[in-house]
Amino acid sequence: MKRAPTEASMYRLFGIIYALAGPTLAGILITAALTMNMFDTKSMIYAAVIGFVAALPIAWVVAKQIDNNI
């Protein structure tokens, strides 16, 4: 029997997934910047910010899919 998804469970799941996806994507982009010989602080900050921002919609979609399938 399927349960009705609640908003609270959706936001909680989103937070958990974002806490994992944000640093992962930021780390991947920082590593990519380092392999392209971008050793300045500005490039590192941009890579980290882009990673954390890109993780927002990814975490939302993944949380929605998980919440709908539970």
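The values are calculated or read from the model by the stated rules, or taken from the named source; none is laboratory data. Bear in mind the structure is a predicted one, so any value in this text is a computation, not a measurement. Glycine gets a Cβ as well: all are built from the backbone with ideal geometry, and neighbour counts include every protein chain shown. Surface accessibility is based on the protein's heavy atoms, side chains included, excluding ligands, DNA and RNA. Shrake-Rupley method; radii C 1.70, N 1.55, O 1.52, S 1.80 Å.
The table below gives the values:
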{"read-out": "Relative contact order (%) - criterion: Cα under 8 Å, at least six apart; region: the chain", "value": "47 percent"}
{"read-out": "Principal-axis tilt of helix 41-69 within the chain, Cα atoms, nearest 10 degrees", "value": "20 degrees"}
{"read-out": "Per DSSP, loop trypsin sites (Lys or Arg not before Pro) in the chain with at most 10 further Cβ within 10 Å", "value": "2, 3"}
{"read-out": "For the chain, calculated [θ]222 nm from helices alone, where every DSSP H run of n ≥ 4 adds -39500 (n - 2.57)", "value": "-30000 deg cm²/dmol"}
{"read-out": "Solvent-accessible area of residue 61 with every protein chain in place, 1.4 Å probe, in Å² to the nearest 10", "value": "80 Å²"}
{"read-out": "Carbon and sulfur %, accessible surface of the chain computed with the full protein complex present, 1.4 Å", "value": "73 percent"}
{"read-out": "Helix 7-35 vs. the chain, principal-axis angle (Cα, 0 to 90°, nearest 10)", "value": "20 degrees"}
{"read-out": "Accessible area per residue in Å² at 1.4 Å probe, computed on segment 1-57", "value": "72 Å²"}
{"read-out": "Dimensions in Å of the chain - Rg and Dmax from alpha carbons", "value": "15.6, 54"}
{"read-out": "Listed residues 52, 14 arranged by accessible area, highest first, probe 1.4 Å", "value": "52, 14"}
